[in-house]
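Peer 1: Mind looking over this structure? Questions follow.
Just so it is clear, none of the values below were taken in a lab; they were calculated from the coordinates. Everything numeric in this text was worked out from a predicted model, so none of it was measured. Ideal geometry is used to build each Cβ from the backbone, glycine not excepted, and the neighbour counts take in all protein chains shown.
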Amino acid sequence: MTIASTLAQVFNLPALSGEFKARPSKPGLPYPKVKEHFAFTENTTKRLLRFFSGQSAHNNLLIFGPAGCGKTATLEQVAARLGWPVWAVSCSGRVRTATWFGSMALRDGATVWQDGPLTLALRNGGLFIADEVTRLDPSEQMALVRVLDGGSIVIPETGETLTPHKLFRFAATGNSAGHGDATGNYAGERTSSVAFLDRFLKMEAGFLPEAQETSLLMAAVRDLPEQIARAIVRVAANIRSAGASGAMRTGMSTRATLAIAYEAMAYHKAGSSSALLDAVTDVTLAGAPEEEAGAIRDLVTKFISE
């Protein structure tokens with residue numbers, strides 16, 4: 001069934017205009033689940049809607065930014081609301097992109113071709129996500145050029161020529177924009193080929209504004225006191241700022257602030273007088289360098305008192 005609504009309602013962004021119709025679903029395809037409390041930002045959502053609609057210059061998008069700021073999650077949640085299937089893979093220096101296309105496999109005693117995630121996305125139309133693509137070996141990146149250029153591909157094992165579905169989109173994420181990591185925080189980042197990067201639209205991602213992240217925590221964790229939510233976000237903002245300057249290696253992602261909020265609420269209900277510090281210890285401080293852990297404890301004490 002086709003669901004019609006407005007973009008403002010679907011993404012909870014009043015500034016968006018226009019009617020929205022979800023793409024009809026097909027059985028057997030991997031559709032991400034909608035996370036009801038997911039927080040979208042206006043500029044990012046507008047750009048992603050253009051990308052999905054085919055109104056952008058390329059059907060390939062590279063989103064880069066700090067770890068845990070929601071690069072992949074935002075792609076998946078926009079796709080979930082649009083009704084797009086998603087195939088996602090994780091990248092590293094050891095990954096061989098040939099496996100994304102598929103392989104021969106045994107089925108009922110016979111050897112048959114089995115589509116990989118990239119081929120399934122090309123065949124059915126949908127979003128393919130290469131997570132941490134900037135960690136791939138440059139030669140493996142360049143093996144994707146034919147796909148990025150929108151050309152047909154030949155499957156040598158079967159002789160099939162596969163023309164990409166008109167609704168195929170290729171998205172990639174990375175902690176850098178493909179030019180290596182100057183902060184020292186992201187081991188495994190590589191310098192990508194300029195020819196590879198040239199085939200992408202680029203979009204820099206960041207963390208939510210403090211007020212929006214506070215609202216997210218309060219919406220996601222029922223009865224969470226606003227004082228605790230604000231303190232979590234203020235602590236996170238200071239840790240992120242220190243990490244960006246290279247002064248701290250301990251991080252605090254949106255994923256972590258949500259976990260801290262859940263744990264803090266549990267400690268609060270149990271009557272702990274140090275609910276936030278207990279939660280931050282469980283989620284972030286355990287195993288962190290002691291000098292950084294001490295600085296973070298001081299931040300928790302400072303902001304929970306304000």
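Peer 1: If the elastic network links every pair of Cα atoms under 10 Å, which of VAL112, VAL145, VAL89 fluctuates the most in the Gaussian network model of the chain?
Peer 2: VAL112
Peer 1: In the chain, what is the count of Lys pairs whose alpha carbons are under 17 Å apart, counting only pairs at least 8 residues apart or on separate chains? Present the calculation step by step, with values, prior to reporting the outcome.
Peer 2: On the way: LYS21/LYS46; LYS26/LYS166; LYS33/LYS71; LYS35/LYS71; LYS46/LYS71; LYS46/LYS202; LYS71/LYS202.
Value for the chain: 7.
Peer 1: In what order do THR284, THR74 fall by count of nearby beta-carbon atoms within 10 Å, going from fewest to most? Display every interim value, and only then the final one.
Peer 2: Numbers: THR284 24, THR74 21.
Sorted ascending by nearby Cβ count, the order is THR74, THR284.
Peer 1: Could you give the longest part of the chain that holds none of the trypsin sites (Lys or Arg not before Pro) found in DSSP loops with at most 15 neighbouring Cβ atoms within 10 Å?
Peer 2: Working: sites that count: LYS33, LYS35, ARG94, ARG96, LYS166, ARG222, ARG249.
My reading of the result: 97-165 is the longest stretch.
Peer 1: Right, another one. Take the alpha-carbon centre of the range 173-222, take the same for the range 81-102, and report the distance between them in whole Å.
Peer 2: Result: 18 Å between the Cα centres.
Peer 1: Another question, if that's okay. Quick one: net charge of VAL154's neighbours, Cβ under 15 Å, K/R +1, D/E -1? Write out the running numbers ahead of the final one.
Peer 2: Working: positive: ARG123, ARG146; negative: ASP115, ASP149, GLU157, GLU160.
Every neighbour counted, the sum reads -2.
Peer 1: Here's something else I'd like to know. For the chain, take the longest principal axis of its alpha carbons; what is the angle in degrees between that and the long axis of helix 71-82, to the nearest 10 within 0 to 90?
Peer 2: Value to nearest ten degrees: 70.
Peer 1: Could you please report the charge total around GLY68, scoring K, R as +1 and D, E as -1 over all other residues with beta-carbon less than 10 angstrom from its beta-carbon?
Peer 2: Working: positive: LYS71, ARG240, ARG255; negative: none.
It works out to a net charge of +3.
Peer 1: If you build a Gaussian network model of the chain, linking Cα atoms that sit under 10 Å apart, which residue out of PRO85, PRO66, PRO289 swings the most?
Peer 2: Looking only at PRO85, PRO66, PRO289, the biggest GNM fluctuation is shown by PRO289.
Peer 1: Once you have a ≥ b ≥ c as the square roots of the Cα gyration tensor eigenvalues for the range 4-204, tell me rounded if a/c is under 1.5, and otherwise prolate or oblate according to whether a/b is larger than b/c.
Peer 2: Values: a/c = 1.85, a/b = 1.19, b/c = 1.56.
The shape class here is oblate.
Peer 1: Let's see if you can work this out: charge +1 on each Lys and Arg Cβ, -1 on each Asp and Glu Cβ, no other charges. What is the dipole magnitude of the chain about its Cα centre, in debye to the nearest 20?
Peer 2: Working: 30 positive and 29 negative charges, 183 e Å.
It works out to roughly 880 debye.
Peer 1: Find how much the distance from ALA73 to GLN227 grows on full extension, using 0.36 nm per residue of separation minus their present alpha carbon separation; answer in nm with one decimal. Please list the in-between numbers first.
Peer 2: Working: separation 154, 0.36 × 154 = 55.44 nm, distance 2.67 nm.
This chain segment gains 52.8 nm when fully extended.
Peer 1: Further question on the same structure: At ARG50 and THR99, where each label point lies 7 Å from the Cα along Cα→Cβ, what is the point-to-point distance in nanometres?
Peer 2: According to this spin-label approximation, the distance is 3.6 nm.
Peer 1: Once the convex hull of the C-alpha atoms of the range 210-304 is built, how many Å³ does it hold per residue, rounded to a whole number?
Peer 2: Details: hull volume 7.8 nm³, N = 95.
Expressed per residue, the convex hull around the Cα atoms of the range 210-304 is 82 Å³.
Peer 1: In whole angstrom, how far apart do the alpha carbon centroids of the range 1-45 and the range 237-306 sit?
Peer 2: About 33 Å separates the Cα centre of the range 1-45 from the one of the range 237-306.
Peer 1: In nm, give the distance between the simple-model label positions of THR191 and HIS37, each being 7 Å from the Cα along the Cα-to-Cβ direction.
Peer 2: So the two model labels end up 4.4 nm from each other.
Peer 1: Could you work out the local net charge near ASP181, counting Lys and Arg as +1, Asp and Glu as -1, over the other residues with Cβ closer than 11 Å to its Cβ?
Peer 2: Values: positive: ARG135, ARG190; negative: GLU189.
Net of charged neighbours comes to +1.
Peer 1: Okay, moving on. So which GluC sites (Glu not before Pro) in the range 97-186 are both in a DSSP loop and have at most 15 other Cβ atoms within 10 Å of their Cβ? Mind dumping the intermediate values first?
Peer 2: Numbers: sites: GLU132, GLU140, GLU157, GLU160; in loops: GLU132, GLU157.
Sites meeting the loop and neighbour criteria: GLU157.
Peer 1: Let me know the shape class of the range 75-152, please: from the alpha-carbon gyration tensor, a ≥ b ≥ c as square roots of the eigenvalues, rounded when a/c is under 1.5, otherwise prolate if a/b is greater than b/c, or oblate.
Peer 2: On the way: a/c = 1.73, a/b = 1.14, b/c = 1.52.
Taking the square roots of the gyration eigenvalues as a ≥ b ≥ c, the range 75-152 is oblate.
Peer 1: What is the spin-label model distance, in nm, from GLU306 to VAL112 if the labels are put 7 Å beyond Cα along the C-beta direction?
Peer 2: Each label point lies 7 Å from its Cα, and together they span 6.1 nm.
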